[in-house]
Amino acid sequence: MRLLFAALSLLLTFSLYGQDYQTVKDLNKKAEKQYEAAQSHINAGQNAAAIEVLDKLLRKEPAFIDGYLMQADLHLRQRAFAKAETGFETALQLDSTYAPLAYYLLAQAEFEQQKYEEARAHLQAYFATGKAAQKRIAEARQLMRSAEFAAKAIQNPVPFDPRPLPSAINTERPEYLPSMAANGSILVYTTRTTPRNEDIFISQWQDTTWGPGQPLEALNTAFNDSSPSLSADGRAMAFTRNDRNGNFDLYYARQENGTWQDPERLPAPVNTAGFESQPALSADGNLLLFVSDRQGGYGRLDLWATRRNPDGSWREPQNLGDMINTPLNEQAPFFHPDGQSLYFMSKGHPGMGQYDLFLARLKPDGSWERPQNLGYPINTSNNEGALIVSLDGKTAYFDTDQLGPTARTQEMGNADLYTFELYADARPQPATYVEATVRDAATKRPLQAQLEFVRLSTRKTHQQGTADERGQFLVVLPLGEDYALNVRKEGYLFHSENFDLREAQAIDEPYTLIIELRPVPETGISVETPSEPVVLRNVFFASGSAELKQESIPELDRLRGFMEDNPDRGIIINGHTDNVGEEADNLALSEARAKAVRDYLASHGINPIRLGYKGYGESRPIATNETPEGRALNRRTEFEIVK
């Protein structure tokens with residue numbers, strides 16, 4: 001709502017003869033001084049005083065068209081939309097050709113009052129004048145698209161039943177910009193503790209509700225600390241700090257042994273001399289989205305992204321492009337752990353007015369689908385705040401100052417945190433998580449083992465890392481894929497797990513594991529007394545066949561790597577089946593499958609002398625054969641160390 005008097009003065013097109021209104025040139029000296037006084041108030045930022053002067057002037061000079069235009073523009077700026085509408089309509093009634101820009105400004109006032117059809121009509125009239133500047137035409141077309149969208153959205157509301165978070169979180173102070181760990185146990189958010197200071201607060205889930213929000217003292221400073229974004233495991237955080245130089249920059253902090261370490265300011269090229277804020281970490285922690293006004297964008301505030309290199313450094317940030325960013329502002333990105341759903345705030349896409357919430361989905365080729373407005377009444381004519389979505393995609397959390405009590409100081413604001421069930425079309429792909437502890441099988445001592453999750457359909461790494469000092473890790477798995485997990489540590493036998501989520505529509509409970517690694521045996525093993533077997537849970541065969549599936553290659557290569565790292569070792573590969581079918585057939589199939597694994601290793605550089613194989617058929621079940629799940633466990637390939 002910028003003041004547009006300079007633009008208006010350039011559009012004065014009136015006749016000197018027969019006009020039945022007054023311009024500045026037609027005023028008497030006294031009225032002219034009043035008009036100049038109003039202009040002086042405007043220059044001093046005293047808009048209310050200017051409006052009062054113009055009220056008096058227009059009572060004496062009711063045909064003063066410049067006065068109506070000036071006053072209407074002031075009302076528009078102060079969001080007094082009904083008064084702005086009346087003023088612009090009066091000016092246009094005096095002369096519809098005097099200031100064509102008045103049609104556009106009138107449409108703005110009508111749009112803000114949800115008079116969408118009237119706004120569209122006056123925008124069409126504005127285009128018809130043929131006197132709109134090119135930049136203004138682009139803005140007017142955007143307003144036209146928003147008016148068309150808003151009219152339909154109000155007629156087709158989406159489900160929306162927001163509920164405030166408890167008073168342990170929402171206080172008389174503003175709370176906004178939330179973030180949550182993947183398991184839903186930790187909530188962090190920004191609180192304005194004084195009119196000029198922001199701090200990061202944290203709350204822990206306690207059985208059935210959120211515990212009291214507490215300032216995160218380890219990270220808060222005397223400066224503004226805000227917009228936290230938690231990693232999926234809750235043990236790392238990106239956030240914004242406004243330092244002593246007045247710069248808004250991005251910082252990163254990690255926990256060790258449950259204690260937050262000193263944060264680091266992210267170096268160039270992530271931070272610049274400009275504005276960087278509102279970070280959003282991906283579930284694996286390797287993608288960082290943020291808001292910046294740096295050069296190379298499409299608007300004043302754009303969404304940018306940077307990826308972490310294997311050495312921990314960050315790459316040159318890339319703009320998310322003009323499918324996401326507009327000539328206006330985009331803010332508050334949230335990239336769901338499904339790895340494809342981006343939620344954000346925008347003023348530039350068609351919407352209900354001010355900041356609306358949008359969803360854009362990442363396509364397989366790396367481009368973005370056109371953003372989807374989340375609809376009315378999630379979005380309204382007011383500003384909607386930052387939104388995050390739970391791992392299963394069903395629950396959203398956001399901040400707003402439109403739903404709660406208004407008895408807050410205007411200086412502090414009154415935003416609170418709310419939650420609601422997100423309707424189906426706006427949900428991301430559901431995801432679950434694996435939370436595990438790795439420890440020594442004998443001593444139970446936690447192990448900082450290396451882990452790797454692989455998407456078996458592509459044989460590409462989904463996520464890799466190291467368990468923390470407590471031997472713990474948490475990794476998010478979007479549904480719709482088949483995943484292999486490999487856990488390894490020098491001196492230990494590796495461990496594998498399989499998570500087949502290809503057909504899963506929802507996961508009621510996450511995966512919680514205790515993974516015990518056994519040391520590579522040094523003595524006391526032989527063909528007669530082999531080591532305990534290691535199950536290869538990600539070796540797969542075609543049904544009823546010994547043909548290895550391509551999904552088996554990552555696991556087989558892991559076993560090959562173990563043999564290369566332990567060149568003096570020999571193993572025997574064992575095949576097992578369930579009890580479906582003839583016993584003799586099962587015995588032959590199990591031996592053929594064990595041989596197929598042995599042949600793969602031999603063909604990839606492992607000396608066949610070090611490789612034995614044997615089939616046991618259905619003779620050594622490890623689970624019941626009475627259920628599908630039990631039979632699946634019994635159909636297995638494993639190896640034992642014999643040398």
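The values are calculated or read from the model by the stated rules, or taken from the named source; none is laboratory data. What you are looking at is a predicted structure, and each value in this text was computed from that prediction instead of being measured. Counting neighbours? That spans all protein chains shown, and the Cβs are built from the backbone with ideal geometry, glycine included. In case anyone asks, the SASA skips ligands and DNA or RNA and just uses the protein heavy atoms, side chains included. Shrake-Rupley method; radii C 1.70, N 1.55, O 1.52, S 1.80 Å.
List of remarks:
- Residue count for the range 449-488, restricted to those that are touching a helix residue (DSSP H, G or I) at 6+ places or on another chain (Cβ under 8 Å), of a type in the set (Lys, Arg) and under 15 Å from Ile515 (Cα atoms): 1.
- Restricting the range 281-327 to residues that are open to solvent by less than 30 Å² (accessible area, probe 1.4 Å) and of a type in the set (Ser, Thr, Tyr), the residue that is nearest to Val188 (Cα to Cα): Ser282
- Gly246 falls short on exactly one of the conditions (1) at positive phi; (2) modelled with pLDDT of 95 or more, and that condition is (2).
- Some residue of the range 122-139 being surrounded by fewer than 22 Cβ atoms within 10 Å (Cβ to Cβ), farther than 30 Å from Glu509 by Cα and of a type in the set (Ser, Thr, Tyr): yes
- Any chance Glu411 is open to solvent by 60 Å² or more (accessible area, probe 1.4 Å), at pLDDT below 95, closer than 30 Å to Glu175 by Cβ and touching a Pro at 6+ places or on another chain (Cβ under 8 Å): yes
- Some residue of the range 187-205 being touching a Leu at 6+ places or on another chain (Cβ under 7 Å) and surrounded by fewer than 20 Cβ atoms within 10 Å (Cβ to Cβ): no
- Residue match in the range 152-175 (condition: acidic (Asp, Glu), open to solvent by less than 10 Å² (accessible area, probe 1.4 Å) and not in a helix (DSSP H, G or I)): yes
- Across the range 215-260, the qualifying residues are those that are of a type in the set (Ser, Thr, Tyr) and more than 18 Å from the chain's Cα centre (by Cα), and the one among them that is most open to solvent (accessible area, probe 1.4 Å) is Thr259.
- Exactly one residue out of Thr466, Thr443 is out of contact with any strand residue (DSSP E or B) (no Cβ under 9 Å at 6 or more places or on another chain) and open to solvent by 40 Å² or more (accessible area, probe 1.4 Å), and it is Thr443.
- Odd one out for Asp568, checked against (1) modelled with pLDDT under 95; (2) within 18 Å of Asn538 (Cα to Cα): (2)
- From the options Leu556, Leu513, residue that is open to solvent by less than 70 Å² (accessible area, probe 1.4 Å) and part of a helix (DSSP H, G or I): Leu556
- Condition met for Arg265 (basic (Lys, Arg), buried (at least 21 other Cβ atoms within 10 Å of the Cβ) and touching a Phe, Trp or Tyr at 6+ places or on another chain (Cβ under 7 Å)): no
- Considered as a group, the residues in the range 261-289 that are in a strand (DSSP E or B) and among the hydrophobic types (A, V, I, L, M, F, W, C) include one that is nearest to the chain's Cα centre (by Cα), and that residue is Ala280.
- Scope the range 104-140; condition among the basic types (Lys, Arg) and within 19 Å of Leu76 (Cα to Cα); matching residues: Lys115, Arg120, Arg136
- Scanning the range 354-374 for residues that are open to solvent by 10 Å² or more (accessible area, probe 1.4 Å) and within 21 Å of Asp399 (Cβ to Cβ) returns Gln354, Tyr355, Pro371, Gln372, Asn373.
- Selection from the range 604-643 of residues that are within 43 Å of the chain's Cα centre (by Cα) and of a type in the set (Ser, Thr, Tyr): Thr627, Thr637
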